[in-house]
Amino acid sequence: MKIAILFSAGRHAASGRPAPVPVELQAIRLARELIGQAAGDAAGDAAGDLSGDAPGVITGFHAGPDAGPLKDALGHGLSRLVQLSIGAQDDPLPSLAAALGAERFDLVLAGRSGQGGEDAGLLPYALARALGLPIVADACALAAGPQPGTLSLEQALPRGARRRLILRLPALITVHPAAPAPLPFAFAAMRRGMLETREGVPAPRAAGEVEERAYRARPKLIAKSAAGASATERLKAATEAASSGGRLLVDPSPEDAAREILAHLRQIGVLRH
Amino acid sequence: MTPIMNPATPAAFCLSLVILSLAGLALALMARRARLWCAGRPVPVEWARGLRALPKRYLVDVHHVVGRDPYAARMHALAAGGLLGGSGLALLALIPALGGARLYWALIALAFAGALAGGVMVGRRRYPARPARLSGGRFQILPLLLTFYAAGGFLVAFDAALGGALPALAWPALALAIAGGLGLVLQIDRGPMRHAFAGAAHLVVHPRPGRFEGERATALAPLDLDAPRLGVATPADFAFNRLVGFDACIQCGRCETACPAFAAGQPLNPKRLIQDLAAALQPNATNATYKGSPYPNARAVAGIGGPDLPLVGAGAMIHPDTLWSCTTCRACVEECPMMIEHVDAIIDLRRHQTLELGALPAKASPPLMELRYADEPGGRALAARTDFAAGLTLPLILATGRADVLLWLGEGAYELRYGRTLRALVTLLQMAGVDFAVLGPEERDCGDLARRLGDEATFQRLAAENIATLARYSFSRILTADPHALHALRNEYRAFGGAYEVIHHTAFLDGLLAGGRLTVGALHEARVTYHDPCYLGRYNGEIDAPRRLLDRLGLARLEMERAGKRSMCCGGGGGAPVSDIEGERRIPDIRMAQAAATGAGIVAVACPQCSAMLDGVTGERPEVHDIAELVLMAVEAGSAKAARKDAAGKDVAGKDAARKDAARPPEPVA
């Protein structure tokens with residue numbers, strides 16, 4: 001199985017310095033574990049051992065003027081990173097579409113949403129359309145599917161819910177932050193990793209088309225309660241939005257509480273009997 | 001032939017020959033072991049200097065450590081002195097002029113009598129019950145071999161001194177000496193006697209010769225990041241003098257009783273670790289011969305190794321959890337009579353795990369990642385470091401370009417609890433009119449955490465960037481309340497071109513008080529015990545200034561059983577809080593129990609890590625206060641007293657009020 005992972009020019013949320021986007025590093029781990037499973041290894045072994053890797057099986061792609069700290073992805077378990085050299089104002093889509101179209105990848109992984117600018121999460125959809133691939137968002141676990149050429153993936157839904165999908169490859173999948181944490185960084189693996197620079201497809205965009213702003217963590221939306229409603233109603237709306245069914249018990253006995261929790265877990269299908 | 005040229009007795013002459021052949025055998029066995037050391041990486045060693053310094057290093061430095069256990073010191077002096085003295089003299093008796101003299105044999109008998117007494121003392125320590133810290137196995141038969149050899153030698157020499165009056169005793173005694181001596185010599189290769197020659201060699205080629213010249217010599221050695229393989233994977237990756245050091249271990253177990261991770265039931269036992277490293281040097285090695293206390297809650301390992309086989313891993317000698325349990329507190333190094341550098345070995349192994357394999361504990365990886373992209377292990381904005389000082393004026397050095405004292409805030413500044421300490425310190429500096437400034441958003445993490453976790457690449461980058469920042473400003477001293485930052489800036493940046501005079505806030509405040517720039521009222525009736533931070537006490541030898549400072553505050557100072565350079569770690573160093581290896585107890589709980597046992601109501605600390613670890617202990621316990629907070633309390637008590645004195649005009653009332661103040665439980669400062 002050949003896997004491509006897309007890397008965007010991220011910035012650290014607090015320092016504002018160029019940095020890899022964590023969810024894209026998580027994609028490396030998902031890809032490695034998938035390859036490890038396919039090779040019949042225990043997934044953990046394959047993931048933990050950064051020195052032994054099948055080169056060329058997992059390739060990273062970045063379209064931009066400079067790979068910068070993205071070469072650190074090589075220290076997180078990626079063995080080969082291809083930088084498609086384009087201007088800072090160029091649209092990365094044509095370069096990525098050309099590069100991914102030239103080699104046939106079974107699976108393309110991308111981050112869920114970026115950290116501002118053009119890597120705002122639209123690119124994977126545009127790329128899927130350009131390549132004619134199906135796209136599934138928010139994967140948090142990947143496994144080989146029941147038939148050859150299929151993939152079983154777990155999709156992260158709000159409030160911790162998960163949905164398992166079976167998908168025919170090739171496909172493009174975006175990764176959710178609920179996926180396992182990135183593999184720890186290994187300096188020597190980064191040093192050993194292969195960074196390849198190719199000419200990208202120049203695709204200048206009209207200036208001013210995209211407004212760029214520094215990344216800022218958005219406040220959580222609590223409730224859709226109508227403005228001007230009473231405090232009780234807003235509280236009710238907020239707590240109901242956070243609870244999705246179930247009952248509010250005030251100061252219950254431990255037995256009652258445990259019974260209620262079990263009943264709720266059965267209801268939402270976490271417990272089966 | 002004149003009578004004087006004859007050997008005193010035939011048995012005595014045979015004893016000399018036996019010792020000669022045993023010495024030959026011993027040399028062969030030593031050579032065999034020493035050849036294994038050549039597997040190690042070559043490093044430049046000042047042989048001449050080491051050889052010249054050997055007697056002093058042994059008689060002064062080693063015995064300074066051994067002498068902390070007076071019984072062991074007497075035992076070792078008698079056993080080693082008697083054994084070497086008696087054997088050496090008996091060997092010289094092959095010179096006819098000496099061998100024929102009865103007085104000379106009396107001298108030999110005396111030496112062997114000393115060795116016999118030492119051997120009996122070795123036995124009394126191990127029988128009937130062997131203390132848990134001592135190893136069994138080959139070590140348990142050592143007293144028998146010692147007493148056999150010494151008793152045999154004594155009787156033969158005694159008989160010779162009497163001119164052969166006891167021939168019936170001499171020949172059986174010679175047999176006894178041969179049995180014991182042969183046993184001892186065969187223990188050179190793998191048994192306890194290896195420590196004698198490996199220990200001497202270690203003293204000659206010691207990797208930190210500065211330790212014998214009054215330096216603390218505790219800075220980690222920089223790693224060449226361009227080397228083909230980073231850190232230590234196999235025994236052959238160690239420098240050869242490190243391998244000599246592992247072989248020097250006599251398994252006395254002092255390290256194991258000092259190790260905080262061992263006490264907490266985490267899978268680390270420094271003695272076992274050194275033994276595993278020493279055993280792995282042998283081709284087709286196993287760890288089966290070790291007969292001391294195991295790693296507590298040991299994780300299963302295959303226990304196989306060799307000079308070119310990996311040391312760490314479930315399929316090797318040492319489980320990774322063992323490495324990551326270490327708090328790098330150096331208590332083992334401080335206690336080791338053989339001057340072994342355990343912490344250096346652990347860091348070398350960690351470097352390989354981190355830099356080559358990326359095999360860190362899961363929770364240790366995110367802080368290193370934040371350090372790479374935000375220069376701060378919590379991933380917080382550097383500008384937020386000064387948030388603790390909201391409401392205080394904190395001069396930035398950027399504004400003026402110079403200051404007398406540069407205040408290095410460190411990692412603790414982000415923490416609410418330690419922010420109170422820094423507020424107290426800043427308030428005191430302002431009261432004393434000190435010309436100080438901070439780097440503010442230009443201060444990056446000092447890199448201590450990254451370096452202890454084996455991420456030398458990040459440490460070296462942070463060090464270079466901090467040194468470049470510091471080079472832009474002019475200041476005479478760096479003041480810090482963080483001993484980890486102090487150690488990095490004072491000792492470890494030197495290798496990267498940053499030489500600074502760095503002073504800890506306890507020494508600085510002590511100076512301010514001594515110079516009369518701050519006046520304190522007494523904090524009466526408070527009983528306080530001082531917890532030495534490892535990186536200040538053991539790493540930098542600063543144990544007096546904090547105590548002097550506490551005494552100036554009029555506090556009743558109580559000492560814990562483990563204090564000063566032999567203090568116990570709080571569990572906060574070496575990245576242990578982020579590695580978070582599971583044990584049975586928590587290290588800070590153990591340390592807090594020791595503090596409570598003194599009866600003190602306050603534990604004085606001088607380090608953000610200690611502050612966080614000890615303040616995290618739950619239940620009934622003494623209060624935790626940084627010394628800066630106590631000084632501020634005392635200064636405020638003093639000024640309150642002065643104010644009242646002015647108002648009331650009566651000294652007596654002022655004293656009462658001050659006493660009432662001190663009786664109150666200490667409040668958060670500032």
Per the rule of 0.36 nm per residue minus the C-alpha distance, extending B:Arg402 to B:Ala597 adds in nm 65.5 nm
Top positive-direction residue, dipole computed over region B:33-98 with Cβ charges, set B:Ala80, B:Leu98, B:Gly40: B:Gly40
Give me a single rounded figure for A:13-21: the average over its residues of other chain Cβ atoms within 10 Å of their Cβ. 5
Pairing the Cα long axis of helix B:167-186 with the longest principal axis of chain B, what angle in degrees results, from 0 to 90 and rounded to the nearest 10? 40 degrees
Extreme residue, positive dipole direction of the protein assembly as shown, given options B:Gly214, B:Gln251, B:Ala113 (C-beta unit charges): B:Ala113
Here the relative contact order (percent) of region B:106-232, from C-alpha pairs under 8 Å and at least 6 apart, is 22 percent
Is there a simple number for the mean count of other chain Cβ atoms within 10 Å of the Cβ of residues in B:374-383, and what is it? 3
Residue by residue, what Karplus-based ³J(HN,Hα) values in Hz, rounded to whole numbers, does region B:532-544 have, using 6.51, -1.76 and 1.60 with θ = phi - 60° and x for Gly and Pro? 6, x, 4, 6, 9, x, 6, 6, 10, x, 8, 10, 8
Using a/c under 1.5 as the rounded threshold, could you call region B:5-73 rounded, prolate or oblate? The axes a ≥ b ≥ c are square roots of the C-alpha gyration tensor eigenvalues, and prolate needs a/b larger than b/c, oblate otherwise. oblate
I need the phi-derived Karplus couplings for region B:278-284: 6.51 cos²θ - 1.76 cosθ + 1.60, θ = phi - 60°, integer Hz, Gly and Pro marked x. 5, 5, 5, 6, 6, x, 6
Treat every Asp and Glu Cβ in chain B as -1 and every Lys and Arg Cβ as +1, leave all other atoms uncharged, and give the resulting dipole magnitude about the Cα centre to the nearest 20 debye. 1760 debye
Of the options B:Ala556, B:Ala604, B:Leu630, report the single residue whose Cα projects farthest towards the positive end of the charge dipole of chain B (beta-carbon charges: Lys, Arg +1; Asp, Glu -1). B:Ala556
For helix B:505-514, what angle does its Cα long axis make with the longest principal axis of chain B, in degrees from 0 to 90 and rounded to 10? 70 degrees
Apply the Karplus curve 6.51 cos²θ - 1.76 cosθ + 1.60, θ = phi - 60°, to the phi angles in region B:483-493 and return the couplings in whole Hz, x for Gly and Pro. x, 5, 5, 4, 5, 5, 5, 6, 10, 9, 6
Note: B:225-238 gets an average of partner chain Cβ contacts (10 Å, Cβ to Cβ) equal to 1
Residues whose modelled amide H sits under 5 Å from the amide H of B:Ile478, counting only those 5 or more places away in sequence or on another chain, are B:Leu406, B:Glu501, B:Val502, B:Ile503
May I ask what percent, to the nearest 5, of DSSP beta bridges between residues of region A:3-199 are antiparallel? 35 percent
Would you mind checking the tilt of helix B:102-126 against the longest principal axis of the Cα atoms of chain B, expressed as 0 to 90 degrees and rounded to 10? 50 degrees
For B:Asp69 and A:Arg164, extending 7 Å from Cα along the Cα-Cβ vector and measuring point to point gives, in nm, a value of 5.9 nm
Just to verify a number: FRET efficiency for B:Ala314 and B:Gln430, C-beta to C-beta distance, R0 = 51 Å, to 0.05? 0.35
So A:Ile268 and A:Arg205, fully extended at 0.36 nm per residue minus their Cα-Cα distance, gain in nm 17.9 nm
Under the rule that a partner needs its Cβ under 4.7 Å from the first Cβ, which Cys of the protein assembly as shown have none? A:Cys140, B:Cys14, B:Cys38, B:Cys249, B:Cys252, B:Cys259, B:Cys326, B:Cys336, B:Cys446
Taking the Cα centre of the protein assembly as shown as origin and charging only Cβ (+1 Lys, Arg; -1 Asp, Glu), how large is the dipole, in debye to the nearest 20? 1760 debye
Under the 7 Å Cα-to-Cβ spin-label approximation, A:Ala257 and B:Ala31 lie apart by a distance in nanometres of 7.6 nm
In debye to the nearest 20, the charge dipole size for region B:3-203, taken about the Cα centre with +1 at each Lys and Arg Cβ and -1 at each Asp and Glu Cβ, equals 820 debye
What order do you get for B:291-304, B:632-645, B:139-152 when each peptide is scored by the mean count of other beta carbon atoms within 10 Å, highest first? B:139-152, B:632-645, B:291-304
Rounded to the nearest 0.05, what FRET efficiency do A:Leu249 and B:Ala175 give with R0 = 60 Å and r taken as the Cβ-Cβ distance? Could you check? 0.10
Would you mind ranking B:Thr327, B:Thr529 so that the residue whose beta carbon has the fewest other beta carbons within 10 Å leads the list? B:Thr529, B:Thr327
If we sort B:622-630, B:66-74, A:168-176 on the protection proxy, mean other Cβ atoms within 10 Å, highest first, what's the order? B:622-630, A:168-176, B:66-74
So, with points 7 Å from each Cα along the Cβ direction, the B:Val43-B:Thr519 label distance in nm works out to 5.4 nm
How much length is gained if the chain between B:Asp224 and B:Ala495 is pulled fully straight, taking 0.36 nm per residue apart and subtracting their Cα-Cα distance, in nm to one decimal? 96.4 nm
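Laboratory data are not the source of any read-out in this text; all were calculated from the coordinates shown. Since we're looking at a predicted model, the values are computed, not measured. Cβ: placed from backbone, ideal geometry, glycine included. Neighbour counts: every protein chain shown.
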